[in-house]
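What follows is a short report on a single structure.
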Amino acid sequence: MPKRSFFFTYKLHHVVFWVLVFLCWFYLRYQDYTTKSIALAITLIKVADLALIVYIINYRLIPRLLYRKKYTGFIASFLAIIALSGFLKMILMGEVTGENVLSGPFSNLKTKFYENVISDFFLVTSGAAFKLIFDYTEMQQRLTEMAKEKAEAELSFLKSQINPHFLFNSLNAVYFLIQKENTEARQALHKFSDMLRYQLYEVKGTRIPIEKELSYLKDYVDLQKLRKDENYLVDFHCSPEVKEFSIEPLLLIPFVENAFKHISHKTTGGNFVRLDMTRNNGEFKFHIENSKETERSTQLHGGIGLNNVKRRLELLYPGKHELCIDSNENIYKVDLKLKIDQ
């Protein structure tokens, strides 16, 4: 999932909500002050302070501490923010009203503490509770969507699955019909058989070793090379560090298919597909680029689609991926970064 900014974008319904809070607060409390101008200033201080605390706790403390099970840090930070903001608010209100926050009998100080600290504690706690309820509901919806999409994918797979034994027996028969001298054709059929076996037997909806996914990609690239002549350059590079971690199966192949589908076809050369994979600081980096003819549309094909791939990444790697797609007149590029489990 993309990171939300501190102010998480100025949405209209948030602005309307806080304006209504301001108006209600002013209407209910303006008679407590000597002039309406003082009442306006005090109300503005209180509402702005409350909104700031709510957003800090809901969009900073809860995701970074509470959801990461850092309960002690969350509680300490929560109480510290409430106490500090309440104290600063009393000082600002004292500047507006001309009163010293620490002046007067102890009973007045207790009243100020209750109105500016204790009340904020309950209001902010209520706001945090709404945040937790909203996030829980959103998580349940995402889990439901994931379960539904998984069930649909499995059903689609079962509907399209050909009897594997019959299929592999047929491929084996074709393999032996090819003359032994035609090693290129035999190797191509062997690679195709391995790819098909990978899709039928290895891909079970769970993460698989990166080595198997790389082998699948390499077989696909080798098959595509057989279709190209000397006018096409295909470069497949994978650093030695890309090993010993798991990845969702068939996550990268749509980008590779797309590159070969939309590669340019210049008769004078300059047609290329470059694929590079590296691993660094707990990140797997996948880069692929291909030459293209003009500014025509470049969309993923085969019933997958760019939106589908983005959706899979959001569901499978929430907050753990970065996808950047860049297209100019001559080159189409895809850069994908995945945070991998160590």
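The values are calculated or read from the model by the stated rules, or taken from the named source; none is laboratory data. Note that the structure is a prediction, hence the values are computed from the model and not measured. Reconstructed Cβ throughout: ideal geometry from the backbone, glycine too, with neighbour counts over all protein chains shown.
Here are a few things to note about the model shown:
- In the set (1) over 19 Å from Lys337 (Cα atoms); (2) at pLDDT 85 or above; (3) touching a helix residue (DSSP H, G or I) at 6+ places or on another chain (Cβ under 9 Å), the condition left unmet by Phe272 is number (3).
- Selection over segment 221-263 of residues that are among the hydroxyl-bearing types (Ser, Thr, Tyr) and surrounded by fewer than 16 Cβ atoms within 10 Å (Cβ to Cβ) gives a count of 2.
- Candidates Glu152, Glu145, filtered to the one that is modelled with pLDDT under 75, within 17 Å of Glu248 (Cβ to Cβ) and assigned to a helix (DSSP H, G or I): Glu152
- None of Arg29, Arg64 is surrounded by 12 or more Cβ atoms within 10 Å (Cβ to Cβ), more than 20 Å from Glu115 (Cβ to Cβ) and assigned by TED's automatic domain parsing to the domain that holds Ile118 except Arg64.
- Taken over segment 290-312, the residue count meeting the criterion of being modelled with pLDDT of 90 or more and either among the hydroxyl-bearing types (Ser, Thr, Tyr) or surrounded by fewer than 19 Cβ atoms within 10 Å (Cβ to Cβ) (or both) is 1.
- Scanning segment 179-200 for residues that are out of contact with any helix residue (DSSP H, G or I) (no Cβ under 6 Å at 6 or more places or on another chain), within 23 Å of Leu251 (Cα to Cα) and at pLDDT 75 or above returns Phe192, Leu196.
- Filter result for the condition that a residue is of a type in the set (Phe, Trp, Tyr) and at pLDDT 75 or above, over Phe134, Phe176, Phe166: Phe134
- Only one of Leu44, Leu23, Leu50, Leu40 that is surrounded by 12 or more Cβ atoms within 10 Å (Cβ to Cβ) and touching a residue at least 24 places away in the same chain (Cβ under 8 Å): Leu50
- Residues in segment 80-125 that are over 17 Å from Leu52 (Cα atoms), among the small types (Gly, Ala, Ser) and either modelled with pLDDT of 70 or more or not assigned by TED's automatic domain parsing to the domain that holds Trp25 (or both): Gly94, Gly98.
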